[in-house]
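Asks: Take this structure first; my questions come after.
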Amino acid sequence: MPELPEVEVTRLTLVAGIRGAKVQALYLGKPLRWPLNCPTDDLIGRRILGVRRRGKYLLFDLEHGLLLVHLGMSGSLSFATTLPARGPHDHFELLTDQGTLRLHDPRRFGAVVYADAESAPIAQKLLGKLGMEPLGDGFLSSDFVGGLKRRNSPIKQVLLAGDLVVGVGNIYASEVLFMAGIRPSTKASTLSRPKVLRLHHAIQQVLARAVELGGTTLKDFSNAHGDLGHFQHETMVYGRQGLPCKVCNSEVRMIRQGQRSTYFCPTCQKR
């Protein structure tokens, strides 16, 4: 699944080319996770003012309203002046005077939703309960410390929930907990302040590094130019079950938490 770094990389690789583009046509293929929420003709003639990100949503600001785009489990966006002919998994296209934006989504868990404003009910339904942005100035350590003190679930599950801090998906949760030296099964409320501060720093460091490396490509992620990510070559524990820890040489272990695989080093992450 594309996580926050992959969505941010997608934004960075298309924003310059699509900013100021005028919508000329729109194509919808098979139904996605949610309907567009407006007639397709309503978007013709509007200009795209810019592209922002909130959690794992891309927000395309229009002259009036915005499009909220989610990549789902297997989606990717392409933007170019010339694209190949549409295939069976290309379910959305926005044709503009500066190029074509295409959503490729084999599993169709992605979505493109129109809202009149970010304050509109449909937008708030999708964005309103999202937590702090880990790569922004609003990710305050004091709020993070206080939020974890109120959570009795295992720390890995709290990170995945997204209502305290967004974007620390399954791959990156294993990596940030390793960097912070925290066992994934530890109850969030029991973490000491120094450990929470280490975790806060690790979240920022790991996600920023993932963006720098173009995200993680395990199967089919590519950015808006078709380039693959490279963070998977630097993981310390994720996907390394049975291999020696790169720090202490202990065997990396894998457990299941909430139907998701969690990787950790039993020596470097004692509690």
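Asks: From the list 194, 121, 106, exactly one residue is in the same structural domain as residue 59 (by the TED database), of a type outside the set (Asp, Glu) and over 18 Å from residue 58 (Cα atoms). Which is it?
Replies: Of 194, 121, 106, the one residue that is in the same structural domain as residue 59 (by the TED database), of a type outside the set (Asp, Glu) and over 18 Å from residue 58 (Cα atoms) is 106.
Asks: For segment 152-168, give me each residue that is surrounded by fewer than 24 Cβ atoms within 10 Å (Cβ to Cβ), touching a residue at least 40 places away in the same chain (Cβ under 8 Å) and part of a helix (DSSP H, G or I).
Replies: 157, 160
Asks: Go through segment 1-107 and tell me which strands (runs of 3 or more DSSP E), entirely inside it, have 1 or more residues that are basic (Lys, Arg).
Replies: In segment 1-107, the matching strands (runs of 3 or more DSSP E) lie at 48-54, 99-104.
Asks: Restricting attention to segment 115-147, and to residues there that are crowded, with 16+ Cβ neighbours inside 10 Å and not aliphatic (A, V, I, L, M), which single residue is nearest to residue 160 (Cα to Cα)?
Replies: 131
Asks: Oh, and also: Which of the residues that make up segment 233-271 are open to solvent by 60 Å² or more (accessible area, probe 1.4 Å), under 12 Å from residue 170 (Cα atoms) and within 20 Å of the chain's Cα centre (by Cα)?
Replies: Selection gives 259, 260.
Asks: Please verify whether segment 42-52 includes one or more residues that are within 19 Å of the chain's Cα centre (by Cα) and under 19 Å from residue 2 (Cα atoms).
Replies: yes
Asks: Okay, moving on. Residue under question is residue 225, and the condition is that it be out of contact with any helix residue (DSSP H, G or I) (no Cβ under 9 Å at 6 or more places or on another chain), touching a residue at least 12 places away in the same chain (Cβ under 8 Å), surrounded by fewer than 20 Cβ atoms within 10 Å (Cβ to Cβ) and farther than 18 Å from residue 134 by Cα; does it hold?
Replies: Criteria not met by residue 225.
Asks: Taking residue 40 as meeting all but one of (1) closer than 27 Å to residue 229 by Cβ; (2) among the hydroxyl-bearing types (Ser, Thr, Tyr); (3) surrounded by fewer than 18 Cβ atoms within 10 Å (Cβ to Cβ), write down the number of the exception.
Replies: (1)
Asks: Starting from residues that are outside any helix (DSSP H, G or I) and surrounded by 24 or more Cβ atoms within 10 Å (Cβ to Cβ), keep the ones in segment 169-220 and report whichever is farthest from the chain's Cα centre (by Cα).
Replies: 182
Asks: Of the numbered conditions (1) closer than 24 Å to residue 232 by Cβ; (2) touching a strand residue (DSSP E or B) at 6+ places or on another chain (Cβ under 7 Å); (3) open to solvent by 10 Å² or more (accessible area, probe 1.4 Å); (4) in contact (Cβ under 8 Å) with a residue 60 or more places away in the chain, residue 89 fails exactly one; give the number of that condition.
Replies: (4)
Asks: Answer with yes or no whether residue 135 is part of a loop (DSSP other than H, G, I, E, B) and over 23 Å from residue 270 (Cα atoms).
Replies: Criteria met by residue 135.
The values are calculated or read from the model by the stated rules, or taken from the named source; none is laboratory data. Since we're looking at a predicted model, the values are computed, not measured. Glycine gets a Cβ as well: all are built from the backbone with ideal geometry, and neighbour counts include every protein chain shown. All accessible areas refer to the heavy atoms of the entire protein, side chains included, with ligands and DNA or RNA removed. Shrake-Rupley method; radii C 1.70, N 1.55, O 1.52, S 1.80 Å.
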